[in-house]
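**Student:** Pasting in a structure now, in C-alpha cells, and then I'll have a few things to ask.
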Amino acid sequence: MNQLFIQYSYLQFLDFMTTIAFLMNGVREGNPLVNLALRYAPYPLGGLLAVKIGAIALGIYAWRRGRQRLLVRINIFFALVVAWNIISLIVAAAGSKAV
C-alpha cells in the first residue's frame, strides 16, 4: 500500500512538471479545475501548487483509509494523463519547429 502512495505522489509531481512545461510553451491546460486555479490565483504557480497539495491530501486520505483499489485506478489515470501531457508537448514543439 505504501508503494501505491509513493507512485501516486510521483505521478502528481510529473503532472505538476508537465503542466509547468505546458505553461512555458503556450499549451493550454485542459483540466477545468486547474485552469480555474491558474486564472484566479494571484500567481499561476501558486494556483497549481494549491491544486496539487489538495491532490496529495486526497491521496493521503485514500492511503490511510486503505483504499488500495482506488489508488491503483487513480495511478493508472494519472499515468495516462502524464503520457498525454508529454505527447502534447512533443507535438506542440514539433509544430512550432515545422514552420
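Where a number appears in this text, it was derived from the coordinates with a stated rule and is not lab data. Keep in mind it's a predicted model, so treat the numbers as computed, not measured. Note that we place each Cβ from the backbone using ideal geometry, even for glycine, and neighbour counts take in every protein chain shown.
**Student:** Farthest toward the dipole's positive end in the stretch 2-97, which of Ala57, Leu89, Phe16, given Cβ charges of +1 (Lys, Arg) and -1 (Asp, Glu) about the Cα centre?
**Tutor:** With unit charges placed on the Cβ atoms, the residue in question is Ala57.
**Student:** From the helices alone, meaning DSSP H stretches of at least four residues, give me the mean residue ellipticity at 222 nm for the chain, per-run term -39500 (n - 2.57), in deg cm²/dmol to the nearest 500.
**Tutor:** Mean residue ellipticity, 222 nm, calculated: -29500 deg cm²/dmol.
**Student:** In terms of the Cα gyration tensor, with a ≥ b ≥ c the square roots of its eigenvalues, is the chain rounded because a/c is under 1.5, prolate because a/b exceeds b/c, or oblate?
**Tutor:** Note, shape of the chain comes out oblate.
**Student:** About its Cα centre, what dipole magnitude does the chain give when the only charges are +1 on Lys and Arg Cβ and -1 on Asp and Glu Cβ, stated in debye to the nearest 20?
**Tutor:** 300
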